[in-house]
Amino acid sequence: MTQKMTWEEMKKAFPDEWLLIVDYETDSSGHVVAGVVERHSREKDEVFCSPVVNKDCAFKYTGESTFPGGWRSYAQRYTV
């Protein structure tokens, strides 16, 4: 996928899935607000299996969080 999407568009297109997002933009609080979905799956291990080489990436979950406070991010700015 190469189309940049907003976070709201990602949640609608990939409900209850883990996303690996590249070329992303964040708001002043560091939350992803837009980006390109490089990989997605309901199984987080499929998304985390190998990061994108030489690109900053963020891992996000589009479903409801099971953590207090709504934590959805796994990692941000992870590069190899």
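The values are calculated or read from the model by the stated rules, or taken from the named source; none is laboratory data. Since the structure is predicted, the reported quantities are computational estimates derived from the model, not experimental observations. Here the Cβ positions follow ideal geometry from the backbone for every residue, glycine too, while neighbour counts run over all protein chains shown.
List of remarks:
- Residues of the stretch 23-34 satisfying the condition of being in a strand (DSSP E or B) and at pLDDT below 90: none
- When residues of the stretch 11-29 are limited to those that are among the aromatic types (F, W, Y) and touching a Ser or Thr at 6+ places or on another chain (Cβ under 9 Å), the one surrounded by the fewest Cβ atoms within 10 Å (Cβ to Cβ): F14
- Whichever residue in the stretch 30-52 is small (G, A, S) and touching a helix residue (DSSP H, G or I) at 6+ places or on another chain (Cβ under 7 Å) and, among such residues, is surrounded by the fewest Cβ atoms within 10 Å (Cβ to Cβ): S41
- Residues that are among the aliphatic types (A, V, I, L, M) and closer than 21 Å to S50 by Cα were ranked within the stretch 1-10; the one that is surrounded by the most Cβ atoms within 10 Å (Cβ to Cβ) is M10.
- Unmet criterion (only one of (1) in contact with a helix residue (DSSP H, G or I) (Cβ under 6 Å, 6 or more places away or on another chain); (2) at pLDDT 95 or above) for L20: (2)
- Residue, nearest to V47 (Cα to Cα), within the stretch 1-19, restricted to residues that are assigned to a helix (DSSP H, G or I) and either of a type in the set (D, E, K, R) or in contact (Cβ under 8 Å) with a residue 60 or more places away in the chain (or both): K11
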